[in-house]
Amino acid sequence: MKKNYLLSGFLAIQVLASYFVLTSGDGLQSHEGIHKLFEFDSENVDEILIEDNNGNISVLKRDGGTWLTSEDFPADNDRIIRLLERLGEVDHGLAIASSLGALKRFEVGKDNFQRRLKLSSGGNADIEFYLGTGAGARRSHVRLLDQNNIYAATIGSYDLPADIAQWQNKELIQIQIDDIKSVNLSNLSITRSPQINTDVDGKEIEPIQDVISWKPVGLADDEAFKLEEFELQLRNLATLRYDRAFNGSIIESDIQAEISVSYGDLSRNYKFAKAPEEEGFWLEVSDIDKLLEVNQYNGSRIIENLTRTNLVEKPLTDDISIENEEEDTASTSP
């Protein structure tokens, strides 16, 4: 009986101890387990600064419902939204170090870091931290600005590129192909118009709704327009992505292709020039105030294929056909 009392008393002590541990602000739960690295309201953040150890600094600022670079160039809204969501999910366990030597070793010091991130709202810094060396799969060592503790947190340097080109809106010059009304090449014009039908007597009847055709202007009677090829190459132009935007200008003598497009109520002129001393092309777009760098593949397929030479062909004439037949006959004669 006495043994049962002792056992009951021991269990009661365990229950009370567990209660105080779970409810005490100084208990183990406040020091162990997984915690968010920081809390912030992403809707209020209006400026993001990212710096790397090579001196690159990207500053992004909110302008109403959109984001811009520090030069007021359109930024990639979707990528920035994903970044803020990602930052809200960053967590960590117990601190792994806090000494001055550890700051240098893990590269999270004021003058020794791989990334520095600052989120601001209304001119006030909400969050600032340093990201250093890797700490395992999808983890890096981090230190908040106002702390000495170093944590292994669920974020990597790849989440925080400091090259501003990584944050520019790469879809900025893309056009809905259904909005395009006309295309002017150096010596060929193509316009979009409803498909016209004729009756048995050759008289025009009402256009078929929602069916369009492309009409080249200025073809000779013996020239044929390669419609499918044109639509393919026009799609390449309409969906073109650039690699980076920068301040600069092109030299007229370096221009390799010039294309004009009208779409909706707007028009745009493209000038492709070979990039000096490097692969790829520089692109000047009439409604963009910066030069755009386009890689070799994307630039070449437009310059080489969206041309009159590639889109217009002459069918074989009777003389050529007869000549070929005579050559074939001669080659097979004993």
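The values are calculated or read from the model by the stated rules, or taken from the named source; none is laboratory data. These numbers come from a predicted model, not from an experiment. Cβ atoms come from the backbone with ideal geometry, glycine included; neighbour counts cover every protein chain shown.
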query = Among the listed residues Arg241, Arg235, which satisfies the condition of being at pLDDT 95 or above, surrounded by 11 or more Cβ atoms within 10 Å (Cβ to Cβ), part of a loop (DSSP other than H, G, I, E, B) and among the basic types (Lys, Arg)?
reply = Arg241
request  = Identify, from the list Leu185, Leu172, Leu160, Leu131, the residue that is modelled with pLDDT of 95 or more, within 24 Å of Ala257 (Cα to Cα) and not assigned by TED's automatic domain parsing to the domain that holds Glu228.
outcome  = Leu172
query = If you take the residues of the range 256-272 that are of a type in the set (A, V, I, L, M, F, W, C) and closer than 17 Å to Leu188 by Cβ, which of them is surrounded by the most Cβ atoms within 10 Å (Cβ to Cβ)?
reply = Phe272
Test: Arg115 is surrounded by 14 or more Cβ atoms within 10 Å (Cβ to Cβ), of a type outside the set (A, V, I, L, M, F, W, C), in contact with a helix residue (DSSP H, G or I) (Cβ under 7 Å, 6 or more places away or on another chain) and at pLDDT 95 or above = yes
query = Has the range 62-80 got any residue that is among the hydrophobic types (A, V, I, L, M, F, W, C), more than 20 Å from Ile155 (Cα to Cα) and in contact with a Pro (Cβ under 7 Å, 6 or more places away or on another chain)?
reply = yes
ask   = Only one residue in Phe230, Phe281 is more than 22 Å from the chain's Cα centre (by Cα), crowded, with 19+ Cβ neighbours inside 10 Å and either in contact (Cβ under 8 Å) with a residue 40 or more places away in the chain or closer than 30 Å to Glu71 by Cα (or both). Which one?
value = Phe230
key: Test: residue in the range 251-264 that is assigned to a strand (DSSP E or B) and free of Cβ contacts under 8 Å to residues at least 60 places away in the same chain   = yes
